[in-house]
Amino acid sequence: MEKELRIVGFLCNWCSYGGADTAGVGRFIQPTDLRIIRMPCSGRLDPLFVLKTLTGGADGVLVSGCHPRDCHYAEGNYYARRRLEVLKRFLPVIGIDPGRFEYTWVSASEGQRWQHVVTEFTAQVHALGPIQRIGKQAQARACSFATSGLFARVED
Amino acid sequence: MSVMDELKAQIARRLPDLDLVIGWGRGYDALHRTPVFLKDAKELDQLVFDPLCVHNLATYLTRFGKGKRVGVVVKGCDSRSVVQLLQEKLISREHVTIFGLPCEGVADLGRVNRALASRGLVMGKAREAAFTAQGLELAFKGRSETLPLAEVMAAKCGRCAYHDAVLFDEFAGQPVGRKDPDNHDDLAAFEALTLEERMEFWREQMERCTRCYACRNACPLCVCRDQCIGQSREPGWVSQRSGLEEKFFFQMIHATHLAGRCTECGECERACPVDIPLMLLKRKLGKEIVELFNYRAGTDVESRPPLLAFKVEEDTINERGW
């Protein structure tokens, strides 16, 4: 397999975290690029978490919570769904491919579905390759300006 | 009776019941207006209203203590901010008195400045400014200049669909009544860019940001004040570094916090000292909100902002599509 990328998963404590655990216990083979952060609820997820993760250098972000109608807190994932959809549509505005971010629902018993979700999302991020960081690129450009100036002086 | 006289009469009638009324007055030179806070009918002479009154005075409504009765003078776009604040219960209807005005558009002083510079004139040296049918007439020492309206109007006014205040207790003058559809045509050029070009675009723009927070302070819906997460170190969303990532992330905070709330009054962009096109972020987000939830912020006091609500089965969100 090609080089690992950095993918961050925000998982709800009650469903998806359990689902990922079920997948582990069931020894379903999954890609290892994903780092999991456990959340009390997908409704806890501030869309800024995702933006900070992506601008901070992660190549992909996956958010997973309980299926709608199944939320431990009754309606957390309903609010999350609207926010996350708006966020997904916001990403292209700032030049980030919306394919680097997905949100989905996995219940604690769905080990199989978790395996499918992780495998598919990892493949999707791998197809996009490593992310371009806004700050890093600027530094690289400043460097190239500096060196071009240097060359001009040599020519003089 | 002129609009101004009507407005003054209305304020004079209401002022005894109010703690203060916020309006516009003359600024430090001919072209600038400044917010004025009237407490007494004797101060009514300070009041001005013309296309140079660019500020959105709704910004001040959340800055007074509970129970203060405040009057505010609003144009069409400003009134949307008031409506949005009411919807979110950030102000209460009993405590605010709205003096609505019709508006044909306001000037963009940046454009005025550039137009004058191209004619070899300095904006600060203008001695008098007046709007007539011909445009903005400026008197300089030994010279006068007329700038056509199309050259000096703010871009947001060209696509405004709310020329008259949408909510008011008193309305001065005749409603304009016109409703130009805002179908986000101006975004076409930006939307044609590829993702890489967009990121490069923002790199160039954000590099100029000095993190002065003027955009946030001018925003009528940025109500966290001293608790702004863009400035606090606990939690430390944005560090004290001056890198591009921090600058851009601050704007992301601003934009995402305004998702579904921004009334597109353009105050952030107007207040920006380095002319970063901040409205682009917000309008693009606003367009997505219109497409997703068919909602325009600040147009209806009774409706609920889309991100403060949900439907068990969403009509427009395809959540299992991948």
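The values are calculated or read from the model by the stated rules, or taken from the named source; none is laboratory data. None of the values given here were measured: they were computed from a predicted structure. For neighbour counting, all protein chains shown are included, and Cβ atoms are generated from backbone atoms with ideal geometry for every residue, glycine included. For the accessible areas, the whole protein counts, side chains as well, though only heavy atoms, and no ligand, DNA or RNA atoms are used. Shrake-Rupley method; radii C 1.70, N 1.55, O 1.52, S 1.80 Å.
For segment A:69-91, the set of residues classified as facing another protein chain (nearest Cβ under 7 Å) and touching an Asp or Glu at 6+ places or on another chain (Cβ under 9 Å) consists of A:78, A:81, A:82, A:83, A:85, A:86, A:89, A:90, listed by residue number.
Report every pair of residues separated by at least 6 positions or lying on different chains whose Cβ atoms are under 9 Å apart, first residue within segment B:92-103 and under 14 Å from residue B:75 (Cα atoms), second among the charged types (D, E, K, R) and surrounded by 23 or more Cβ atoms within 10 Å (Cβ to Cβ). Here the result reads B:100/B:75; B:101/B:75; B:101/B:78; B:102/B:75; B:103/B:75; B:103/B:78, each pair linking segment B:92-103 to a residue that is among the charged types (D, E, K, R) and surrounded by 23 or more Cβ atoms within 10 Å (Cβ to Cβ). Residue A:79 fulfils the conditions (1) closer than 30 Å to residue B:202 by Cα; (2) surrounded by 22 or more Cβ atoms within 10 Å (Cβ to Cβ) except for a single criterion, (2). If you take the residues of segment A:1-59 that are more than 14 Å from chain B (Cβ to nearest Cβ), part of a helix (DSSP H, G or I) and not hydroxyl-bearing (Ser, Thr, Tyr), which of them is surrounded by the fewest Cβ atoms within 10 Å (Cβ to Cβ)? Checked segment A:1-59; the qualifying residue surrounded by the fewest Cβ atoms within 10 Å (Cβ to Cβ) is A:25.
Answer yes or no: is there a residue in segment B:59-77 that is in the same structural domain as residue B:172 (by TED's automatic domain parsing), under 29 Å from residue B:122 (Cα atoms) and loosely packed, with under 15 Cβ neighbours inside 10 Å. No, there is no match, as no residue in segment B:59-77 is in the same structural domain as residue B:172 (by TED's automatic domain parsing), under 29 Å from residue B:122 (Cα atoms) and loosely packed, with under 15 Cβ neighbours inside 10 Å.
Can you tell me which residues in segment B:293-314 are over 18 Å from residue B:79 (Cα atoms), within 12 Å of chain A (Cβ to nearest Cβ) and open to solvent by 10 Å² or more (accessible area, probe 1.4 Å)? Break it down into steps so the answer makes sense when it comes.
Within segment B:293-314, the first condition is being over 18 Å from residue B:79 (Cα atoms), and the residues that meet it are B:293-294, B:306-314.
With within 12 Å of chain A (Cβ to nearest Cβ) added as a condition, the list becomes B:293, B:306-314.
Of everything in segment B:293-314, those that are over 18 Å from residue B:79 (Cα atoms), within 12 Å of chain A (Cβ to nearest Cβ) and open to solvent by 10 Å² or more (accessible area, probe 1.4 Å) turn out to be B:293, B:307, B:308, B:309, B:310, B:311, B:312, B:313, B:314.
For residue B:84, the conditions (1) in a loop (DSSP other than H, G, I, E, B); (2) at pLDDT 95 or above all hold with the exception of (1). Scanning segment B:109-141 for residues being of a type in the set (Gly, Ala, Ser) and closer than 17 Å to residue B:26 by Cβ gives a total of 5.
Residues of segment A:106-120 include none that is aromatic (Phe, Trp, Tyr), within 11 Å of chain B (Cβ to nearest Cβ) and either in a helix (DSSP H, G or I) or under 15 Å from the mean Cα position of the chain (by Cα) (or both).
To keep it simple, each residue is scored yes or no on (1) part of a helix (DSSP H, G or I); (2) facing chain A (nearest Cβ under 10 Å); (3) in contact (Cβ under 8 Å) with a residue 12 or more places away in the chain.
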site: B:162; (1), (2), (3): no, no, yes
site: B:166; (1), (2), (3): no, no, yes
site: B:176; (1), (2), (3): no, no, yes
site: B:181; (1), (2), (3): no, no, yes
site: B:189; (1), (2), (3): yes, no, no
site: B:199; (1), (2), (3): yes, yes, no
site: B:208; (1), (2), (3): no, no, yes
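Out of curiosity, is residue B:42 open to solvent by 30 Å² or more (accessible area, probe 1.4 Å) and either assigned to a strand (DSSP E or B) or farther than 29 Å from residue B:127 by Cα (or both)?
Details: open to solvent by 30 Å² or more (accessible area, probe 1.4 Å): yes; either assigned to a strand (DSSP E or B) or farther than 29 Å from residue B:127 by Cα (or both): no.
No; evaluated as a whole, the condition is false for this residue.
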